[in-house]
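The values are calculated or read from the model by the stated rules, or taken from the named source; none is laboratory data. What you see is a predicted model; the values in this text were computed from it and never measured. Positions of Cβ are generated from backbone atoms using ideal geometry, with glycine treated the same way; all protein chains shown enter the neighbour counts.
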């Protein structure tokens with residue numbers, strides 16, 4: 001594994017969060033744009049700290065990854081709130097503090113993006129802003145449906161960790177960010193929505209401990225995620241992007257942290273499908289690999 005990153009102490013985390021809060025409050029005269037940028041800064045710091053905690057946990061546990069599923073397990077990174085996503089503050093904090101990553105984080109506020117309004121929304125009241133991608137020791141969705149990946153269970157199963165995302169801003173509309181964040185590659189489709197609280201941007205944390213903000217440009221992805229964020233009653237999971245927008249999902253497939261079971265799978269720009277073995281899935285049909 002990589003050399004152990006220096007773990008931020010509780011006091012350092014508190015100072016970082018406090019600096020972010022002071023930055024947000026001091027930008028009142030700058031306007032909404034300045035305040036939004038300050039909140040994004042805090043979100044990036046949060047996700048970086050969570051990613052470093054995730055990495056430190058693996059190094060303390062002989063390379064084993066913390067469980068990405070939010071469930072009642074001693075090895076889960078966070079636990080569910082018994083009442084779904086809505087509960088007393090003490091109950092919500094307990095769901096975070098009893099998770100396996102909390103000893104490495106030490107601050108409940110790190111689990112929440114300051115731009116995420118759902119804590120104040122009685123329809124959702126999501127107590128965490130972030131989820132772990134299911135490719136990083138989460139549940140394997142439809143194991144017999146031809147998905148081309150197996151969730152990594154150990155750190156050394158993640159190739160190119162600086163390019164593989166682990167944490168992301170989730171917009172699950174069911175009252176809390178349930179389970180681990182899912183995406184489906186065969187056929188090519190989104191399953192779970194992403195949150196875009198920073199002007200069509202999403203914060204990601206990577207397997208080497210760094211964080212980045214990604215700007216979305218495909219309108220089909222933006223519109224679908226916005227329904228989850230602002231119109232949860234009208235939202236439907238699963239969204240197959242138009243062929244012209246499929247390349248974006250292909251790019252994030254390459255950054256997925258799972259162990260690939262079909263390393264030769266490649267994206268077909270003209271059809272919006274993936275090559276798997278000697279066949280290619282194009283528009284829901286299996287075609288010869290010579291398909292272009």
Looking only at region 72-96, filter to residues that are closer than 22 Å to residue 136 by Cβ and surrounded by fewer than 16 Cβ atoms within 10 Å (Cβ to Cβ); which one of those is modelled with the lowest pLDDT? 72
Quick check: is even one residue across region 182-200 closer than 25 Å to residue 37 by Cβ, within 16 Å of the chain's Cα centre (by Cα), surrounded by fewer than 19 Cβ atoms within 10 Å (Cβ to Cβ) and at pLDDT 90 or above? yes
Within region 160-216, track down each residue that is without any contact (Cβ under 8 Å) to a residue 40 or more places away in the chain and part of a loop (DSSP other than H, G, I, E, B). 160, 196, 200, 216
Leading residue by the ranking (modelled with the highest pLDDT) among those in region 215-260 that are touching a strand residue (DSSP E or B) at 6+ places or on another chain (Cβ under 6 Å) and loosely packed, with under 15 Cβ neighbours inside 10 Å: 215
Can you find a residue in region 152-159 that is modelled with pLDDT under 90 and not in a helix (DSSP H, G or I)? yes
